[in-house]
Amino acid sequence: MTWYDTPACREQRQELFALAERDRSEAEEARFQELIDLVKKCDAYNKAAEDFVNGAP
């Protein structure tokens, strides 16, 4: 579904995956949680774009 991602969403997703693969400091953990929320917003955007392309009301 990331076909519709903006450049910012792609960067956030890459950063999230990088942080997910290793131990994190407290600051990194806070950023990790922030990125989870941002990526969820990207997913909602992707879903809306997909629905629009597919003709959903």
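See the values below:
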read-out: Top-ranked residue of the range 28-57 - restricted to ones that are in a helix (DSSP H, G or I) and polar (S, T, N, Q), ranked as most open to solvent (accessible area, probe 1.4 Å); value: Gln33
read-out: Residues within the range 12-27 that are surrounded by 11 or more Cβ atoms within 10 Å (Cβ to Cβ) and either in contact with a Gly (Cβ under 6 Å, 6 or more places away or on another chain) or assigned to a helix (DSSP H, G or I) (or both), tallied; value: 9
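Rundown of residues vs (1) under 10 Å from the mean Cα position of the chain (by Cα); (2) in contact (Cβ under 8 Å) with a residue 40 or more places away in the chain, yes/no style:
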{"site": "Asp5", "(1), (2)": "yes, yes"}
{"site": "Gln12", "(1), (2)": "yes, no"}
{"site": "Phe17", "(1), (2)": "yes, no"}
{"site": "Glu21", "(1), (2)": "no, no"}
{"site": "Ser25", "(1), (2)": "no, no"}
{"site": "Glu28", "(1), (2)": "no, no"}
{"site": "Phe32", "(1), (2)": "no, no"}
{"site": "Leu38", "(1), (2)": "yes, no"}
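The values are calculated or read from the model by the stated rules, or taken from the named source; none is laboratory data. Note that the structure is predicted; figures quoted are calculated from it, not measured. Note: ideal-geometry Cβ built from the backbone for every residue, glycine included; neighbour counts use all protein chains shown. For the accessible areas, the whole protein counts, side chains as well, though only heavy atoms, and no ligand, DNA or RNA atoms are used. Shrake-Rupley method; radii C 1.70, N 1.55, O 1.52, S 1.80 Å.
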